[in-house]
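In what follows, a single structure is set out as structure tokens and then discussed.
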Amino acid sequence: MRPAPPATAWHGRWGRDCLGAAPSRIPRAPGERGKNDRRDAERLARLLRAGELVAVAVPTSADEGARDLVRAREDARADLMRARHRLSKMLLRHGRVYDKGAWSGAHDAWLRRQALDEPAAQAALVDYYDAALTARLRRGRLDAAIGELADRPDLAPLVGRLQCLRGVSTLTAVGLAVEIGDWHRFSGARIGAYLGLTPSESQSGARHTRGPITKTGNGHVRRLLVEAAWHHRRPPRASLALERRREGARPEVRARAEAAGLRLHRRWVHLDARRGLRSTIVAVAVARELAGWCWSLAVME
């Protein structure tokens, strides 16, 4: 009997089962410098027969559209940050400093009251403020669109489970869901390496050193997880926003999310107690473990 194609395969136009292989995972000898279609096809056929090719998930057009929306929101966030930076630094050059909470309603009212004596400088200030306001409105529109995307039937169950975790809002859950795609490709121990959250390693004989994280894979997902990890710096406590996100979740999902909150906070406290370990390093270590907890909830179908 012919074996069933893997989940990452699709049916080609010629009636053949097709499989997309990860080019970076195709074994290649260091001395192979030539490019020949016939030899490459034979080598791929041998590797496929031996099971040495790693299949990649093939996204649908709906998945690609969701990724475009999430990445557009990421671009809008970066544009807003740059626009705000330009505005605040221009005011700083003119000695205008707001010493309270920045980018709040009170801060926005303070910005609108600013007036510079030089007409050219005032025109630049107005332009910088308009750019920041436009970027904020753009980000708000994309946030609303992502909120609607979270209700899509194929995404809603996964997003609902992921947002039960501390630090994982709806925006973060949608970003994780659409960027990673098929969570069943990984395990809880391997997903951190896929996202570049594991430390680099050099081992030869008795020498064994570890360096900074590899930063391979999806940088957007890595940033989302590191930002979510900072929420575990403080002990878990009751939160109205978190309870709203957990409404309707199954008891086993809530229990897994609560266990994750306790475990990740203990992990933070343990790493933070080590002498000389910076909080940024602790956040990355917690994010690596948080990725495993996200995987465990994602596969709880």
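What spacing in nm lies between the two simple spin-label points modelled at Asp272 and Arg234, each 7 Å away from Cα in the Cβ direction?
Reported label-point gap for Asp272 and Arg234 is 1.1 nm.
Using a 1.4 angstrom probe on heavy atoms only, work out the carbon and sulfur share of the accessible area of the chain in %.
Values: 9870 of 18550 Å².
Exposed carbon and sulfur together represent 53 percent of the surface.
Go ahead and run the numbers for FRET between Glu252 and Trp110, Cβ-Cβ distance against an R0 of 45 Å, rounding to 0.05. Numbers along the way, then the final one.
Details: r = 49 Å, r/R0 = 1.08.
FRET efficiency, Glu252 to Trp110: 0.40.
Between the helical axis of 279-298 and the dominant principal axis of the chain, each derived from Cα atoms, what acute angle in degrees is found, rounded to the nearest 10?
60
Just how far, in whole angstrom, is region 256-276 from region 101-129 if you go by their alpha carbon centroids?
For region 101-129 versus region 256-276, the Cα centre distance is 42 Å.
Scan around Val168 for amide H atoms under 5 Å from its own, H built in the peptide plane at 1.01 Å from N, and keep only partners 5 or more places away or cross-chain.
none
When DSSP beta bridges are limited to those with both residues in the chain, what percentage is antiparallel, rounded to the nearest 5?
Approximately 100 percent, going by the DSSP bridge assignments.
Quickly rank 217-225, 278-286 as a protection proxy: mean count of other C-beta atoms within 10 Å, highest first.
Ranked by mean Cβ neighbours within 10 Å, highest first: 217-225, 278-286.
Work out how much length Ala62 to Ala145 would gain on full extension: take 0.36 nm times their residue separation and subtract the Cα-Cα distance, in nm to one decimal.
Values: separation 83, 0.36 × 83 = 29.88 nm, distance 1.43 nm.
This chain segment gains 28.4 nm when fully extended.
If the cut-off is a Cα-Cα distance under 27 Å, which lysines reach Lys215, setting aside same-chain residues fewer than 8 apart in sequence?
In chain and number order, there are no partners.
Cα convex hull of the chain: how many Å³ per residue?
Details: hull volume 74.9 nm³, N = 301.
Normalising the Cα hull of the chain by residue number yields 249 Å³.
With a 1.4 Å probe and all protein chains left in place, how much accessible area per residue does region 115-173 have, in Å²? Walk me through the intermediate numbers first.
Values: 2980 Å² over 59 residues.
Value returned for region 115-173: 50 Å² of accessible area per residue.
Rounded to the nearest 10 degrees, what's the angle between the helix 119-149 long axis and the longest principal axis of the chain, both from Cα atoms, 0 to 90?
Helix 119-149 sits roughly 40 degrees off the main axis of the chain.
By average Cβ neighbour count within 10 Å, what is the ranking of 15-21, 95-101 from highest down?
Peptide ranking by packing, descending: 15-21, 95-101.
The values are calculated or read from the model by the stated rules, or taken from the named source; none is laboratory data. Everything quoted here is computed from the prediction, not taken from an experiment. With ideal geometry, Cβ positions are generated from the backbone for all residues, glycine too; neighbour counts draw on all protein chains shown. The protein model used for the area step is the full one, side chains on, heavy atoms only, and it has no ligands, DNA or RNA in it. Shrake-Rupley method; radii C 1.70, N 1.55, O 1.52, S 1.80 Å.
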